[in-house]
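Trainee: First the structure, which I've put down as structure tokens, then a few questions once you've had a look.
The values are calculated or read from the model by the stated rules, or taken from the named source; none is laboratory data. Everything quoted here is computed from the prediction, not taken from an experiment. Counting neighbours? That spans all protein chains shown, and the Cβs are built from the backbone with ideal geometry, glycine included.
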Amino acid sequence: MATSSRDVALARDDVQFLSWEHPFIDQALELILTSPAGNAAVGYIEDHPHDTGDVFLQLQFTASCPAPRALQVERYLPPNAMHLMMTPTGDLKVNEPEALPGFALPLKRATARGLVEQRAQEIQPLLYKLEKMGAAQLGKMVSVAKRKAEEAYQDRIARLGSLAQHNANISPAMLENVRQERDAVLAAIDESQLLLDSVRLVFCG
């Protein structure tokens, strides 16, 4: 989780403070300026209702959970990409890539770099807003994943408990192992992070 409030970050160990110098901002701009094609791109659209030079900012995220493969956490928190877009008017779109008005055309590398460097001061706050929104979405994804895991393990433990009444091979130790696995899965989900996968700037031509 992340916050732009220093007081909140100081009061809570599980919340990270984001400043303009936050590594996320640097990482996103670095992707745009120096990364090879594939995870960063700059383009433009011709048919739009905005002013020339306005920009759409698109970020693609994935959820990463540093858990042992044996726990199979992806059953509850799939690492699906999450697409966020901010329009020139400040509207935030979640998983709506089709909201871009028109097909983005490519720009020459030198032209793209010049535009990005020229607009860097304006792009930084947009990146900041999108990162905060991404962090909020991750929190929702984690809550849903934990609920799914808790329900699945609750059913599993209940079934084993019922079987144990008629099957001596199901020992209390087996039930305890399942409970420990559940706790490990929930703890792993709590450690999930949002990773920036790609960035695209689309200018209005």
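Trainee: Please specify each residue of region 77-89 satisfying the condition of being in a loop (DSSP other than H, G, I, E, B) and touching a residue at least 24 places away in the same chain (Cβ under 8 Å). Before you say what the answer is, go through the steps one by one.
Mentor: Here is the first cut: in region 77-89, the residues in a loop (DSSP other than H, G, I, E, B) are 77-81, 87-89.
Listed by number, the residues that qualify are 77, 81, 87, 88, 89.
Trainee: I've got another one for you. Which of the residues belonging to region 116-141 are β-branched (Val, Ile, Thr) and either exposed (fewer than 13 other Cβ atoms within 10 Å of the Cβ) or over 19 Å from residue 91 (Cβ atoms) (or both)? Working first, answer last.
Mentor: Restricting attention to region 116-141, the residues satisfying the condition of being β-branched (Val, Ile, Thr) are 116, 123.
Listed by number, the list holds a single entry, 116.
Trainee: Here's another thing I want to ask about it. In region 171-187, is there at least one residue being assigned to a strand (DSSP E or B) and under 22 Å from residue 140 (Cβ atoms)?
Mentor: Let us first name the residues in region 171-187 that are assigned to a strand (DSSP E or B), namely none.
The answer is no; no qualifying residue exists.
Trainee: OK, next. Quick one: residue 171 ticks every box in (1) surrounded by fewer than 14 Cβ atoms within 10 Å (Cβ to Cβ); (2) of a type in the set (Ser, Thr, Tyr); (3) touching a residue at least 12 places away in the same chain (Cβ under 8 Å) except a single one, so which number is it?
Mentor: Against the list (1) surrounded by fewer than 14 Cβ atoms within 10 Å (Cβ to Cβ); (2) of a type in the set (Ser, Thr, Tyr); (3) touching a residue at least 12 places away in the same chain (Cβ under 8 Å), residue 171 comes up short only on (3).
Trainee: Going residue by residue through region 96-119, is there one that turns out to be under 30 Å from residue 186 (Cα atoms) and either polar (S, T, N, Q) or in a helix (DSSP H, G or I) (or both)? Quick ask: steps written out before the conclusion?
Mentor: If we filter region 96-119 for residues that are under 30 Å from residue 186 (Cα atoms), which is where we start, we get 96.
Imposing the further condition that a residue be either polar (S, T, N, Q) or in a helix (DSSP H, G or I) (or both) reduces the set to none.
The answer is no; no qualifying residue exists.
Trainee: Now for a separate question. Just to verify a result, which residue in region 97-110, among those that are surrounded by 12 or more Cβ atoms within 10 Å (Cβ to Cβ) and without any contact (Cβ under 8 Å) to a residue 60 or more places away in the chain, is nearest to residue 144 (Cα to Cα)?
Mentor: 97
Trainee: Right, here's the next one. Does residue 140 satisfy the criteria of being within 29 Å of residue 193 (Cβ to Cβ) and touching a residue at least 40 places away in the same chain (Cβ under 8 Å)?
Mentor: Working: within 29 Å of residue 193 (Cβ to Cβ): yes; touching a residue at least 40 places away in the same chain (Cβ under 8 Å): no.
In short, no.
Trainee: Tell me, which residue of region 140-170 that is part of a helix (DSSP H, G or I) and small (Gly, Ala, Ser) is farthest from residue 78 (Cα to Cα)?
Mentor: Quick first cut of region 140-170, residues part of a helix (DSSP H, G or I) only: 140-164.
With small (Gly, Ala, Ser) added as a condition, the list becomes 143, 145, 149, 152, 158, 161-162, 164.
Working: 143: 13, 145: 9, 149: 12, 152: 15, 158: 25, 161: 29, 162: 30, 164: 32 Å.
My answer is 164.
Trainee: Applying the selection to region 60-76, what residues are free of Cβ contacts under 8 Å to residues at least 12 places away in the same chain and of a type in the set (Gly, Ala, Ser)?
Mentor: Within region 60-76, just 70 meets the criteria.
Table: residues versus (1) out of contact with any helix residue (DSSP H, G or I) (no Cβ under 9 Å at 6 or more places or on another chain); (2) charged (D, E, K, R); (3) modelled with pLDDT of 85 or more.
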| site | (1), (2), (3) |
| --- | --- |
| 24 | no, no, no |
| 29 | no, no, no |
| 81 | yes, no, no |
| 114 | yes, no, yes |
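Trainee: Got a sec? Which of 158, 152 is small (Gly, Ala, Ser) and surrounded by fewer than 11 Cβ atoms within 10 Å (Cβ to Cβ)?
Mentor: Values: 152 fails: surrounded by fewer than 11 Cβ atoms within 10 Å (Cβ to Cβ).
Answer to the selection: 158.
Trainee: Turning to a different aspect of this structure: Could you check how many residues of region 132-190 are under 27 Å from residue 64 (Cα atoms) and polar (S, T, N, Q)?
Mentor: Total satisfying the criteria: 5.
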